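What follows is a single structure, written as structure tokens, with notes after it.
The values are calculated or read from the model by the stated rules, or taken from the named source; none is laboratory data. Given the structure is predicted, the values throughout are model-derived calculations rather than measurements. Positions of Cβ are generated from backbone atoms using ideal geometry, with glycine treated the same way; all protein chains shown enter the neighbour counts. Keep in mind that these areas ignore ligands, DNA and RNA; they rest on the heavy atoms of the full protein, side chains included. Shrake-Rupley method; radii C 1.70, N 1.55, O 1.52, S 1.80 Å.
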Amino acid sequence: MIVQFYSRPNCELCVEGLQILKLVQEDIPFQIEQVNIEENDALHGKFMVMIPVVELKGEVIQFGRLDYPTLMMALSD
């Protein structure tokens with residue numbers, strides 16, 4: 001399973017979100033594909049006010065302030 005993590009450089013909320021996502025990864029095996037939205041105009045326009053964004057199979061699981069319980073539930077299905 002590959003989870004996309006959309007973020008941008010110099011985003012403290014993104015750093016915190018990635019740490020939480022990695023905690024979930026300790027309990028559920030999956031790969032994290034980090035995507036810098038500033039390298040893609042379409043993604044930047046779509047996610048710039050939402051980051052960090054966690055997406056699985058094209059569906060946004062959570063964005064903004066990420067939390068362990070929500071990610072754990074969504075990724076354990």
Is there any pair with a first residue in segment 42-54 that is more than 23 Å from PHE30 (Cα to Cα) and at pLDDT below 95 and a second that is charged (D, E, K, R) and open to solvent by 20 Å² or more (accessible area, probe 1.4 Å) whose Cβ atoms are under 9 Å apart and which are 6 or more apart or on different chains, and what are they?
HIS44/ARG8; HIS44/GLU38; MET48/ARG8; MET48/GLU38
Search result, residues across segment 37-63 that are within 12 Å of CYS11 (Cβ to Cβ) and among the acidic types (Asp, Glu):
GLU38
If you check ALA74 against the conditions, is it open to solvent by less than 50 Å² (accessible area, probe 1.4 Å) and without any contact (Cβ under 8 Å) to a residue 24 or more places away in the chain?
yes
Members of segment 29-56 found to be open to solvent by 100 Å² or more (accessible area, probe 1.4 Å) and under 12 Å from the mean Cα position of the chain (by Cα), listed by number:
GLN31, GLN34
If we scan segment 16-30, do we find a residue that is touching a Lys or Arg at 6+ places or on another chain (Cβ under 6 Å), assigned to a helix (DSSP H, G or I), modelled with pLDDT of 95 or more and over 16 Å from ASP77 (Cα atoms)?
no
Could you tell me which residue of segment 3-22 is least open to solvent (accessible area, probe 1.4 Å), considering only residues that are closer than 16 Å to THR70 by Cα and polar (S, T, N, Q)?
GLN4
Among the numbered criteria (1) open to solvent by less than 80 Å² (accessible area, probe 1.4 Å); (2) part of a loop (DSSP other than H, G, I, E, B); (3) closer than 13 Å to ARG8 by Cα, which single criterion is violated by LEU66?
(3)
